[in-house]
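Written out below as structure tokens is the structure these notes cover.
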Amino acid sequence: MSSSTPPTISTRSREFWAGVRQELPLQLGVAPFGLVFGVLGIASGLTPLQTILLSSIIFGGASQVVFAQLWGAGVPAPVVGASVSVINLRHALYSASIAPYLRSLPLVWRVPLAYLLTDEAYAVTIHRLRNEPPSPHQHYHLLGTGMTLWVCWQITTVTGVLFGATIPQSWSLGFAIPLTFIAIVAPAIRRRADLAACLTAGIISVVGQPLPWKSWIILAAIGGIAAGYLTHRHGTREVA
Amino acid sequence: MIWLVMIACGLFTFATRFVMFSDAAPRQLPEWLQDALGFVPIAVLTAIIVPAVLVSPEGGLALAGNARLPAALVAITVALVTRSVLATIVTGLVALWCLDWLVY
């Protein structure tokens with residue numbers, strides 16, 4: 001993250017615009033993902049309205065992709081809901097990490113800020129909260145990062161929906177989704193436990209293909225989490 | 001029906017984001033839960049990547065003649081070197097197109 005010089009005096013607008021400015025470079029990754037989601041939503045059989053509103057109702061890229069793919073494949077609602085839920089559980093980590101800075105705010109602030117708490121907004125704002133002087137206006141920073149990502153996500157989803165039909169199938173644009181996730185996962189594998197989570201999830205997701213309702217998604221996710229956790233715990237014990 | 005499921009998923013997702021902001025929340029998540037949740041992105045995203053690369057539309061394992069596999073390997077290399085989402089998407093797609101047209 002760029003170590004921009006902290007504002008000499010923290011004001012609401014300085015915090016907000018610092019958030020916007022620092023969040024903008026990440027939109028290079030968010031924008032193509034939003035476009036591809038828009039295209040994929042329609043290709044999966046959702047209506048334009050459903051695809052567009054999914055981006056504001058759920059507002060979580062990977063889980064929206066899974067929702068569209070599962071719903072399009074006629075998977076029963078409880079399996080769709082469970083799969084989306086497992087994917088989004090990670091937000092509890094961000095929520096826990098950022099809560100000490102925000103818990104004293106009134107509910108009218110905490111509710112919208114929680115809604116805007118995505119991977120990319122969290123990453124940028126936690127950096128500001130930890131590394132720059134505390135301020136009574138620091139929550140405006142999360143408002144800035146969160147709204148930047150929200151606006152970008154909505155615009156690119158709508159654009160993807162509008163232009164999706166005109167993009168030829170032979171462009172294989174759907175392949176941009178695994179590519180987006182490769183860009184996130186490959187650099188994130190640092191420890192043995194990360195590799196265990198990755199390999200386990202990968203193997204289950206292929207071996208489990210014959211299972212009904214695309215339930216291999218949720219099984220691979222849970223299996224990967226368990227493998228990572230157990231490897232991690234085992235490793236810690238060895239050291240201790 | 002779909003709207004009901006969308007809204008339920010939205011509410012649950014919001015809850016995962018709000019959970020520790022609530023007045024009733026404990027100060028800290030238990031350590032085991034923090035550790036386990038840390039593996040969610042890798043596990044979930046891998047479960048989406050691998051079938052999208054390796055599984056044929058008919059549901060079988062596709063290795064020979066599958067341009068997505070070498071394209072994904074190119075993308076993994078680019079991701080590790082550049083750490084750029086955009087560069088990974090662009091090179092991965094270009095690799096897929098080239099392989100589709102030239103080799104397979």
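Coordinate-derived values only; no laboratory data. Note that the coordinates shown come from a computational prediction; the quantities given were computed from them, not determined experimentally. Here the Cβ positions follow ideal geometry from the backbone for every residue, glycine too, while neighbour counts run over all protein chains shown.
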Original post:
Once the piece of chain linking residue A:130 and residue A:28 is laid out straight, how much longer is it, given 0.36 nm per residue of separation minus the C-alpha distance between them?
Top reply: 34.3 nm
Original post:
Taking the Cα-to-Cβ direction at residue B:3 and at residue A:191 and moving 7 Å from each Cα, how far apart do the two end points lie in nm?
Top reply: 4.5
**OP:** With θ set to phi - 60°, apply the Karplus curve 6.51 cos²θ - 1.76 cosθ + 1.60 along region B:72-78 and write out the HN-Hα couplings as whole Hz, x wherever there is a Gly or Pro.
**Re:** 5, 5, 4, 5, 4, 4, 4
Subject >> Cleavage-rule hits (chymotrypsin sites (Phe, Trp or Tyr not before Pro)) in region A:75-119: DSSP loop, at most 15 neighbouring Cβ within 10 angstrom >> reply: none
Original post:
When Cβ neighbours within 10 Å are restricted to other protein chains, what is their mean count per residue of peptide A:52-61?
Top reply: 4
Original post:
How high is the FRET efficiency from residue A:211 to residue A:21, r the C-beta distance, R0 56 Å, rounded to 0.05?
Top reply: 0.75
Original post:
What nm distance separates the two modelled labels at residue A:170 and residue A:111, each placed 7 Å from Cα along Cα→Cβ?
Top reply: 5.2
Subject >> Approximate shape of region A:12-170 as ellipsoid semi-axes (Cα gyration tensor, √5λ), whole Å, largest first >> reply: 31, 18, 11
**OP:** Assuming 1.306 mPa s and 10 °C, estimate D for the protein assembly as shown with Stokes-Einstein, Rh taken as the Kirkwood radius over Cα pairs, in µm²/s.
**Re:** 77
**OP:** Calculate the tail of P(r) for chain B: the fraction of all Cα-Cα distances greater than 16 Å, expressed in %.
**Re:** 74
Original post:
Label point 7 Å out from residue A:155 along Cα-to-Cβ: which residues of region A:12-30 have amide N under 14 Å?
Top reply: A:20-21, A:23-30
**OP:** For region A:189-240, state the average projected area of the convex hull of the C-alpha atoms over all orientations, rounded to one decimal in nm².
**Re:** 3.3
**OP:** Obtain the nm distance between the two label points defined at residue A:56 and residue B:24 by a simple spin-label model: each point lies 7 Å from its Cα along the Cα-to-C-beta direction.
**Re:** 2.9
